[in-house]
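Below you'll find the structure, written out as structure tokens, and then a few comments.
The values are calculated or read from the model by the stated rules, or taken from the named source; none is laboratory data. Since this is a predicted model, take the numbers as computed values, not measurements. Please note: Cβ atoms are built from the backbone with ideal geometry, for glycine as well, and neighbour counts cover all protein chains shown.
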Amino acid sequence: MFGFRKKKYGPFIYLSEPTLLYHTRTEKAIVQILEEKLGSNNILVPSKYGLRDTSNRIKDAEAFVAIAVLGKFTSLVCREVKIAQELGKKVYTMTIARKGDSLVYFFQEGVPEDVEWLSPEETMEFTKIFVNSEFMDAIKNMWWIGSRKREW
């Protein structure tokens, strides 16, 4: 309507990321990295769809990128990786971690053997630990100017 949208270019890429990364600066960095690595800004970013299931769009993708936070696929990402593999899609894995203010990542084609595939129960535990470590500082400092920690 106002012309603020970027013109789409490149192949359609399906990004599979855990919900704990939705709307974070890490998610923005991942999208920028994918634009550079795969030469496309035509990326389905699941957080733009809220918690709705977008896995029906995997069939339309030319490439599928799975995010492994700290070397782990959450159960949602596991399910989508299996769908992409069954459909014969070109699968990439981006293993990510944070070191201070920097995002450390390893981007490769395929799924590395050392990535841990979490069950729904393991995902709940991982998310609980992850969220607690990330946001406890915000809760402690909510009455002051705010959290200074926000790594992800």
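Residue by residue, here is whether (1) under 18 Å from the mean Cα position of the chain (by Cα); (2) modelled with pLDDT of 95 or more; (3) surrounded by 10 or more Cβ atoms within 10 Å (Cβ to Cβ) holds:
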residue	(1), (2), (3)
VAL91	yes, yes, yes
THR95	yes, yes, yes
GLU116	yes, yes, yes
PHE126	yes, no, yes
SER133	no, no, yes
ASP137	no, no, yes
LYS140	no, no, yes
GLU151	yes, no, yes
Those residues of region 76-89 which are surrounded by fewer than 18 Cβ atoms within 10 Å (Cβ to Cβ) and touching a Ser or Thr at 6+ places or on another chain (Cβ under 8 Å), in sequence order: ARG79, ILE83
Residues being touching a Lys or Arg at 6+ places or on another chain (Cβ under 6 Å), among the aliphatic types (A, V, I, L, M) and not in a loop (DSSP other than H, G, I, E, B) - total across region 90-135: 0
Region 60-78: number of residues that are outside any helix (DSSP H, G or I), within 18 Å of ASP114 (Cα to Cα) and not small (Gly, Ala, Ser): 7
Which numbered condition ARG57 fails, given (1) over 24 Å from LYS99 (Cα atoms); (2) touching a residue at least 12 places away in the same chain (Cβ under 8 Å); (3) not in a helix (DSSP H, G or I): (3)
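Within region 79-86, can one find any residue that is modelled with pLDDT of 95 or more and in a strand (DSSP E or B)?
Checked region 79-86: no residue is modelled with pLDDT of 95 or more and in a strand (DSSP E or B).
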Residues being of a type in the set (S, T, N, Q), part of a helix (DSSP H, G or I) and surrounded by fewer than 17 Cβ atoms within 10 Å (Cβ to Cβ) - total across region 21-46: 1
